[in-house]
Amino acid sequence: MSVLPEGVAPEIGRVHKTDYAEINVFADTVTGTTIVICAIDNLGKGASGQAVQNANLALGLPETAGLRIGALSV
């Protein structure tokens with residue numbers, strides 16, 4: 001997961017076909033609320049991807065074994 005720089009919105013295009021997630025927080029000064037936006041490719045980072053990641057941790061394997069984690073940059 002990557003917390004993006006200030007003002008950069010998460011985009012599905014950057015996480016497509018990866019197990020990567022992007023997140024950022026924005027302030028709505030009009031309403032006084034905080035908005036959190038996250039982008040994931042839920043076909044890989046859905047329940048099945050999470051199950052593989054958890055199994056890897058439980059078995060002492062590298063957390064990303066068998067997953068398609070890609071090196072992404074903004």
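Volume per residue of the convex hull around the Cα atoms, evaluated for the chain, comes out as 105 Å³.
May I ask for the angle, rounded to the nearest 10°, between helix 47-58 and the longest principal axis of the chain, with both axes built from Cα atoms and the value confined to 0 to 90°? Result, in degrees: 60. Around the amide H of SER2, modelled in the peptide plane, lie the amide H atoms of ALA21, GLU22, ILE23, all under 5 Å away and 5 or more residues distant in sequence or on another chain. Derived scalar couplings between HN and Hα for region 14-20 equal 7, 10, 4, 6, 9, 9, 7 Hz in order, rounded to whole Hz, by the Karplus curve 6.51 cos²θ - 1.76 cosθ + 1.60 (θ = phi - 60°), x for Gly and Pro.
Within the chain, DSSP assigns beta bridges of which about 80% are antiparallel (rounded to the nearest 5).
Placing a pseudo-label 7 Å from each Cα along the Cα-to-Cβ vector at VAL8 and ASN56 gives an inter-label distance of 2.3 nm. Each Lys and Arg Cβ is given +1 and each Asp and Glu Cβ -1; about its Cα centre, the chain then shows a dipole of about 240 debye.
Bear in mind these aren't lab numbers, they're just calculated from the coordinates by the rules spelled out. These numbers were taken from a predicted model, which means no experiment stands behind them. Ideal geometry is used to build each Cβ from the backbone, glycine not excepted, and the neighbour counts take in all protein chains shown.
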